[in-house]
Amino acid sequence: MAKVFIYPATSLILSDLVARFGHKPLGAALGIRERIQTAGVDSPPLQITPEEPKRGLKYAAVEVPSGVRGRMAIYGPLIEEAEAAIIVTDADLAFGCMGCARTDELILFSLRQSGIPILELKYPANEEEGVQFVAAIKKFLDGLENGGET
Amino acid sequence: MMAEYSPDYVGTVTRYVFVESPSMTPGELALRAYEASEGVLIKETCFGLQVTGEPESVDRLIEEIRTFDPAHIFVKDRGSPPGDPRRCRANLGGARPGYLGHEREFRILRYITRGLEELDRRGEEAGVPEPTPPVSEKKPLLDIKRLQELIETEES
């Protein structure tokens, strides 16, 4: 079972397909869950505390906006943990403010730099593309049987 | 103002179960899931369920739920527990954050279902053509005249 980072990190389809084909999807929910379930001094209603931008310094320079560093504190450890990644390049649901948009760019850059096997594809727009989409993901995941090594 | 934060449901996992099926409604899914729940907390929603409990129990239940209608039931992790005041629609007065993303992907689920059924039907040996790899295209820049029009429309 390999740990597969999914982008968009909140994707239902990618999360389901990765788990369905026997691997562990690494998405935003895991990082958020860890923060929500950790007791401590917090400032509800936020899950991101002032500590996060400091932790994000590992992934982005100090002059990068704290919004990006705070988000990278969630995604960075997941990317480090990932043994493979699946990226949907035309995900119009992965949009947002500059913090989200720049974090997304940094996530994609970090994934491509990390050297792990990556599958890039587009969301299907018809049934035939749906068959190709699922087949491509299955083939990619089947090749990861040895913990993500290809 | 910093305040002490005591989390609920520590050590549990929460998963969303989406059902997009011609033969099963979220209500029916919930009834069948309750029968197999064995202590896992189940919340029925408009699109399916949220299940919360110990990781092993949730895994077992999800495995069981998937067998009801394998190509039409989709599962993903959720970070927040059910009814979390920071996420619950009841406290926010509108769609929960993340709902719109689900709505967007929900429209594509029928293609995924088709893919799963077709792959199951064709079996392992059947070759499926690879999807064409996405080409990164540069988005066209906004035309200056179009920008002027937009500004004028906004001002009037």
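Quick notes on this one:
- A residue that is within 10 Å of another protein chain (Cβ to nearest Cβ) and in a helix (DSSP H, G or I) can be found somewhere in the range A:64-78.
- Residue in the range A:46-53 that is more than 7 Å from chain B (Cβ to nearest Cβ), surrounded by 14 or more Cβ atoms within 10 Å (Cβ to Cβ) and more than 29 Å from residue B:85 (Cβ to Cβ) present: no
- Residues that are in a strand (DSSP E or B) and either facing chain B (nearest Cβ under 10 Å) or among the charged types (D, E, K, R) (or both) within the range A:1-26 comprise A:3, A:6, A:24, A:25, A:26, listed in sequence order.
- Among the candidates A:84, A:60, A:29, residue that is out of contact with any Cys (no Cβ under 6 Å at 6 or more places or on another chain), at negative phi, surrounded by 20 or more Cβ atoms within 10 Å (Cβ to Cβ) and within 14 Å of chain B (Cβ to nearest Cβ): A:29
- Matching strands (runs of 3 or more DSSP E) fully within the range B:40-156 where at least 1 residues are touching a residue at least 60 places away in the same chain (Cβ under 8 Å), surrounded by 14 or more Cβ atoms within 10 Å (Cβ to Cβ) and on the phi > 0 side of the Ramachandran plot: none
- For the range A:63-72, a residue qualifies if it is in contact with a Pro (Cβ under 7 Å, 6 or more places away or on another chain) and either within 15 Å of residue A:34 (Cα to Cα) or crowded, with 22+ Cβ neighbours inside 10 Å (or both), and the qualifying residues are A:69, A:70.
- Residue match in the range A:128-143 (condition: under 18 Å from the mean Cα position of the chain (by Cα), acidic (Asp, Glu), under 15 Å from residue A:23 (Cα atoms) and outside any strand (DSSP E or B)): no
- Condition broken by residue A:123, with the remaining ones in (1) over 18 Å from residue A:7 (Cβ atoms); (2) buried (at least 17 other Cβ atoms within 10 Å of the Cβ); (3) not β-branched (Val, Ile, Thr) satisfied: (1)
Only the coordinates and a few stated rules stand behind these numbers; no lab work does. The structure displayed is predicted, hence computed values, not measured ones. FYI the Cβ positions are ideal-geometry reconstructions off the backbone, even for glycines, and counts take in every protein chain you see.
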